[in-house]
Amino acid sequence: MDRFFLRNFIGSVFSRKKTLIFLALLVLVFLILGACFVTSPAVYDYHLSICDGFLTDICFSDTNVFVIFLQRAGGCALLLLLILIGSIHPIALLLPIAVLIYRAFTCGGCLYVFFDYYGFTGGMIVCVLYLPIHLCLDAVLVFAATTAFARAFSFRFCANDFLDLLRDALILLLLVVAVCLVEMILLLALFHPIGKIL
């Protein structure tokens, strides 16, 4: 993707400062709430299962890291699609809000569980892999939600609007792929033997 399009896209996102700040604060608030309300047994067990899955399916998995990369990028692409559906109508903006709240709440709960249940090992995994990658992906999703809010009230079902939406979707998808690629490199450097890429 041409750097001109990327620069224009990022400029348009940051020109919507109020929406961007609102969505970033929404993520921050629910991240904190997720960490605060994880103490009930059912909620704790739910977050523990997510953390177990992250450790067994990603960090210490026998699966090829390229397959993990494809799975992670595909999952994030699906979330991106759900958020961008919000671009077509104001009522559909409930989708990006729901996605961001869910991700932030589960991230907060998982942070608590990583430190509480796994101790020092969990803290190291959070610091070097889980939290940096999660926050980068959340930033991309917040960018996507910002564009959805900007477009939803003026979207017309015409070729130009669909082309603009497709262009933004491709830029966001490239950002997701870039973050997942960094995650794959970190997995190779820290958790997986180099041969696992083949």
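Nothing in this text is a laboratory measurement; each read-out follows from the coordinates by a stated rule. Note that the structure is a prediction, hence the values are computed from the model and not measured. For neighbour counting, all protein chains shown are included, and Cβ atoms are generated from backbone atoms with ideal geometry for every residue, glycine included.
Taking the chain as a Gaussian network, Cα atoms linked when under 10 Å apart, which of 113, 67, 179 shows the biggest mean-square fluctuation? Ranking 113, 67, 179 by mean-square fluctuation puts 67 first. Taking every alpha-carbon pair under 8 Å whose residues sit at least 6 apart, segment 76-189 reaches a relative contact order of 41 percent. Sorted fewest first by neighbouring Cβ atoms within 10 angstrom, 162, 114, 155, 120 come out as 120, 162, 155, 114. With the simple model of a label 7 Å out from the Cα in the direction of the Cβ, residue 166 to residue 33 spans 3.8 nm. GNM remark for the chain: springs join alpha carbons under 10 Å apart, and the peak mean-square fluctuation among 108, 122, 34 falls on 122. Entry note, the chain: the mean residue ellipticity at 222 nm calculated from DSSP H runs of n ≥ 4, each adding -39500 (n - 2.57), is -27000 deg cm²/dmol after division by the residues and rounding to the nearest 500.
Within segment 42-110, the chymotrypsin sites (Phe, Trp or Tyr not before Pro) that combine a DSSP coil assignment with at most 12 other C-beta atoms in a 10 angstrom radius are 60. For the chain, the relative contact order works out to 35 percent when only alpha carbon pairs closer than 8 Å and six or more residues apart are counted. The charge dipole of segment 17-110, taken about its Cα centre with unit charges on the Cβ of Lys, Arg, Asp and Glu (plus for the first two, minus for the last two), comes to roughly 520 debye.
Each of 49, 87, 61 has some number of other Cβ atoms within 10 Å of its Cβ, and from fewest to most they run 49, 61, 87. When the chain is described by a simple charge dipole with +1 on each Lys and Arg Cβ and -1 on each Asp and Glu Cβ, the residue from 99, 110, 37 located farthest towards its positive end is 99. For residue 67 and residue 139, the FRET efficiency from 1/(1 + (r/R0)^6), where r spans their Cβ atoms and R0 equals 22 Å, is about 0.30. Once the Cβ-Cβ distance between residue 115 and residue 81 is put in as r, and R0 is 35 Å, what FRET efficiency do you end up with, to the nearest 0.05? Efficiency at R0 = 35 Å is approximately 0.60. Within the listed set 137, 70, 163, the residue fluctuating most in the Gaussian network model of the chain (springs between alpha-carbon atoms under 10 angstrom) is 163. For the chain, take the longest principal axis of its alpha carbons; what is the angle in degrees between that and the long axis of helix 131-152, to the nearest 10 within 0 to 90? Here the helix axis deviates by roughly 20 degrees. The HN-Hα couplings worked out from phi for segment 43-59 by the Karplus form 6.51 cos²θ - 1.76 cosθ + 1.60 (θ = phi - 60°) are 5, 4, 4, 4, 5, 5, 5, 5, 5, 4, x, 5, 6, 7, 9, 10, 5 Hz, whole numbers, x standing for Gly and Pro.
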